[in-house]
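A short write-up of the structure that comes next.
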Amino acid sequence: MNQEKKDLLSLRNLPARLGIGEAAWLLGFGENDIPVLMSAGLLKALGRPTTTGSKYFATVDLQNFGKDPRWLAKASDAVVNHWRAKNASRRSPAKRMSNPLLTGAGLN
């Protein structure tokens, strides 16, 4: 665990809003998983940030989510399904057929 993460999680009173990195630390997800949770409708940023703008989340909501096993199960499933679909698209049959090393063609 890096020192910055340890410092944040050891605070007695957390700040009222947290950025993507801190939200990920608090919930136990990776930073890359936060946009997945947002697109699945499981996390909502505060205000109306622009697409490329900084996103902040209410600490009280994040703490409540972290205590809710049902929400955690839904969030975990959403992340797993997202990465499974993304990885499956990388290994589509058309791509495998075009690679002679994966199809066994050209091996004599």
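The values are calculated or read from the model by the stated rules, or taken from the named source; none is laboratory data. Model, not experiment: these values are computed from the prediction. Every residue, glycine as well, gets a Cβ built from its backbone with ideal geometry; the counts of neighbours run over all protein chains shown.
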Query raised in the report: Has the range 36-55 got any residue that is in contact (Cβ under 8 Å) with a residue 40 or more places away in the chain and part of a loop (DSSP other than H, G, I, E, B)?
Result: yes
Report task. Can you tell me which residue among 83, 71 is within 26 Å of residue 4 (Cβ to Cβ), at pLDDT 95 or above, surrounded by fewer than 17 Cβ atoms within 10 Å (Cβ to Cβ) and hydrophobic (A, V, I, L, M, F, W, C)? Result -> 71
Report summary line: Within the range 36-75, residues being farther than 24 Å from residue 12 by Cβ and aromatic (Phe, Trp, Tyr) number 1
Requested in this report: Among what's in the range 1-11 and is of a type outside the set (S, T, N, Q) and either surrounded by fewer than 11 Cβ atoms within 10 Å (Cβ to Cβ) or at pLDDT 95 or above (or both), pick the residue that is nearest to residue 47 (Cα to Cα).
Outcome: 11
Query - Flag if residue 88 is modelled with pLDDT under 90 and not in a helix (DSSP H, G or I) - result: no
Query raised in the report: Among the residues of the range 93-104, is any exposed (fewer than 11 other Cβ atoms within 10 Å of the Cβ), at pLDDT below 95, assigned to a helix (DSSP H, G or I) and in contact with a Gly (Cβ under 8 Å, 6 or more places away or on another chain)?
Result: yes
Query raised in the report: Pick from the range 12-29 the residues that are under 12 Å from the mean Cα position of the chain (by Cα) and in contact (Cβ under 8 Å) with a residue 24 or more places away in the chain: which of them is surrounded by the fewest Cβ atoms within 10 Å (Cβ to Cβ)?
Result: 28
